[in-house]
Amino acid sequence: MSDPVPSIRTSDSERDRVAQLLQEHFAQGRLDHEEFTERLSEVYKAKTVDELSKVTTDLPERDLADVGRVAFNENSVPPMRLRDPALMVPWVLYGGVNILCFSIWLILFLTTGATYPWFLWVLGPWGILMSVVTFGVLAVQRGQGED
């Protein structure tokens, strides 16, 4: 008879990877605190790959919530559009503040005759900044999409 082949020794990085996997399962509620600490101590005592794999045999390799989901590259960001709330909210705020400033100027103009258009100091610089940021964000995302 031949001798059984000894299991391959495990490394610290493999133990750390399994420990992180256990932490994720603990955070997702698959393990209670007591079971998590028991398994974690087994991970750091493991000398071979077989001992290490026994710790996670009853746990799924990946999150079961991902099974029904369409695969999504974690590094990719969906492209931003002009109607995206991240761009629309600042523009609506910009419009609201400028309508308020213009209304105050119009009331002062009609009641006191003050003609200096001070509201342009709010409208102009802020509008230029908003335009640069908006077109910059869209251009950067368009450039990343071509990679």
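Each value in this text was obtained by applying a stated rule to the coordinates, not by laboratory testing. Predicted model, so just to flag it, every value in this text is computed and none were measured. We place every Cβ from the backbone using ideal geometry, glycine too, and count neighbours over all the protein chains shown.
Legend: Rg and Dmax of segment 85-145, from Cα coordinates, 15.6, 54 Å.
Panel order for HIS25, HIS33, by other beta carbons found within 10 Å of each beta carbon, from fewest to most: HIS33, HIS25. Working ranking of peptides 11-20, 47-56 by packing, defined as the average number of other Cβ atoms within 10 Å per residue, highest first, is 47-56, 11-20.
The Cα-based radius of gyration of segment 12-65, divided by its Kirkwood radius, gives an Rg/Rh of 0.93.
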